[in-house]
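Some notes on the structure that comes next.
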Amino acid sequence: MALKTAQEYIESLRTLKTRVYMFGEKIDNWVDHPMIRPSINCVAMTYALAQDPQYADLMTVKSSLTGNTINRFTHLHQSTEDLINKVKMQRLLGQKTASCFQRCVGMDSFNAVFSTTFEIDEAHGTHYHENFKKFLTFVQDNDLTVDGAMTDPKGDRSKAPHDQKDPDMFVHVVERREDGIVVCGAKCHQTGSINSHWHIFMPTISMGEADKDWAVSFACPTDAEGMYMIYGRQSCDTRKMEEGASIDVGNAKFGGQEALVVLDHVFIPNEYIFLNGEYEFAGMMVERFAGYHRQSYGGCKVGVGDVVIGATALAAEYNGVEKASAVKDKLIEMLHLNETLYCCGIACSSQGFQTKAGNYQIDLLLANVCKQNVTRFPYEIVRLAEDVAGGLMVTMPSQKDFTSDTVVGRNGETISDICNKFFAAKDGVSTEDRQRVMRFLENMCLGAAAVGYRTESMHGAGSPQAQRIMIARQGDIQGKKQLAKDIAGIQ
């Protein structure tokens, strides 16, 4: 099958029987729901750019499994050049959407599960790797969007999965049958789950022998019986449901998406199982997925950062302060921080290496350094954006006030007249354009888009402490001590 178009992707979602709940009610036409559709538009952009010859080198690639041209989001990295192009592609999409385009988690899970299943089979004589190759070929041939699901609710985090009062706090096997397994549990904060055709479920932590029923990985269609999603709220999200609020929304066309994904006795056939009790490999799968996903943030967050910087520069221009030295210096600092993130994404990619399975993995230390910086720099970029833009981005009257014909002035002035008078920008700039850039920055810094930029920069792909643990493991302190001893003459 050829690469899907954006419209074909959207129409393919309508054929699914995905169960979606929001505000305590089932949403039947979730594809066109005003709160969900912007996130679908974001995923659709990954299909649209793949159809554009201008971006063919970044967005498409030859499959290592079939030799066919596929979307890079379904690709197994075959070189350090592939790893670098992944980051460049993610930056491009961040620039085009100013939001989370949601296919990264699937791409990162493909590469983690591919190499891990190879080594499980090598150790145990299982057939997980062949299962996965067949599944990924199906995904590539049909240009599917797949959600990578890792984060369990975890319950009491001081306890292992088998010690939890409620065993469903981690996804686990509740029944093993000749033809497959039955699983229960949930995954939290799942990016793009509703917009995906399939899911790949993975463990979320390293496990011991007592946790073998929780050491499970598998693929599952999004509309499988017993599986459903509860949509996650975002700041200012109901603005999307207000009539005539295109300016107040900020980014009216694009947006991110998170959901709680629940598995209520879902049957998984043997052909879609990639880990089933081999607990000693749970940590490997987690570590590899986390590494790939922490690399991803050196691309997607940088692309969104480009847009934040551009909007901040526009706000300064509309306010008439673009030539002030303090403003110029703040924009330079924003650029410096953003490009530093990009440097880390490129660095961990350029230092990648081939796994036993044949695909390429990033440098884990540098990937974790990349994500550690992402937990900090976007916050400073946003702070500087708010500094330059001014307080109007959070105190401006509603869009309706700027068009209201209600008379309030002694000379017959309407609310619209008053708002347009007192919130006017510099000469040559319309009040509406100033409205738009202020609301856009509010959305990026504090609103729904902040979920995919600021807050997700902290917790997506693991919280800061998770990266610090990996940096400690990969940093080779003992080796560095030996370097000092050798030079200092210490025996």
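The values are calculated or read from the model by the stated rules, or taken from the named source; none is laboratory data. Bear in mind the structure is a predicted one, so any value in this text is a computation, not a measurement. Cβ: placed from backbone, ideal geometry, glycine included. Neighbour counts: every protein chain shown. The area values use the complete protein model at the heavy-atom level, side chains included, leaving out ligands, DNA and RNA. Shrake-Rupley method; radii C 1.70, N 1.55, O 1.52, S 1.80 Å.
Structural remarks
- Percent carbon-and-sulfur accessible area, segment 320-392, ignoring ligands, DNA and RNA, probe 1.4 Å: 57
- Probe 1.4 Å - accessible area at Tyr279, Å² to nearest ten: 70
- Convex hull projection area averaged over all views, the chain, Cα basis, nm²: 28.3
- In the assembled protein chains, Thr191 presents an accessible area of approximately 20 Å² (probe radius 1.4 Å).
- Ignoring aspartates and glutamates fewer than eight residues from Lys371 along the same chain, the ones with Cα atoms less than 12 angstrom from its Cα are Glu456.
- Using a Förster distance of 51 Å, the FRET efficiency for Thr414-His127 (Cβ separation, nearest 0.05): 0.10
- Cα-Cα over 28 Å, subset of Lys240/Lys323; Lys17/Lys253; Lys88/Lys480; Lys26/Lys187; Lys165/Lys356: Lys240/Lys323; Lys88/Lys480; Lys165/Lys356
- Computed Rg/Rh of segment 1-136, alpha carbon atoms with Kirkwood Rh: 1.02
- In order along segment 168-181, the phi-based Karplus estimate (6.51 cos²θ - 1.76 cosθ + 1.60, θ = phi - 60°) of 3J(HN,Hα) comes to 6, 5, 10, 4, 8, 7, 9, 7, 10, 10, 4, 9, x, 10 Hz; Gly and Pro are listed as x.
- Carbon plus sulfur fraction of accessible area for segment 177-266, probe 1.4 Å, in percent: 48
- In the chain, the DSSP-assigned H stretches of four residues or longer account for a calculated mean residue ellipticity at 222 nm of -14500 deg cm²/dmol, using -39500 (n - 2.57) per stretch and the full residue count as denominator.
- Extent along principal axes [Cα atoms of segment 424-491; Å; largest to smallest]: 73, 28, 9
- Peptides 325-335, 34-44 ranked from most to least packed give 34-44, 325-335, packing being the mean of other C-beta atoms within 10 angstrom over each peptide's residues.
- Divide the volume of the convex hull around the Cα atoms of segment 19-70 by the residue count and you get 120 Å³ per residue.
- If you wrap the tightest convex hull around every Cα atom of segment 332-397 and split its volume per residue, you get 96 Å³.
- Taking every alpha-carbon pair within segment 131-215, the share separated by more than 16 Å comes to 59 percent.
- Loop-resident trypsin sites (Lys or Arg not before Pro) (DSSP state other than H, G, I, E or B) in segment 181-259 with no more than 16 further Cβ atoms inside 10 Å of their Cβ: Arg233, Lys253.
- Remark: spin-label model distance Glu11-Ile332 equals 5.3 nm, labels positioned 7 Å along the Cα→Cβ axis.
- Average accessible surface area per residue within the chain, 1.4 Å rolling probe, Å²: 42
- Projected area averaged over orientations for segment 259-394, convex hull of C-alpha atoms, nm²: 12.2
- Using the Cβ-Cβ distance between Gln491 and Lys426 with R0 set to 45 Å, the FRET efficiency from 1/(1 + (r/R0)^6) comes to roughly 0.05.
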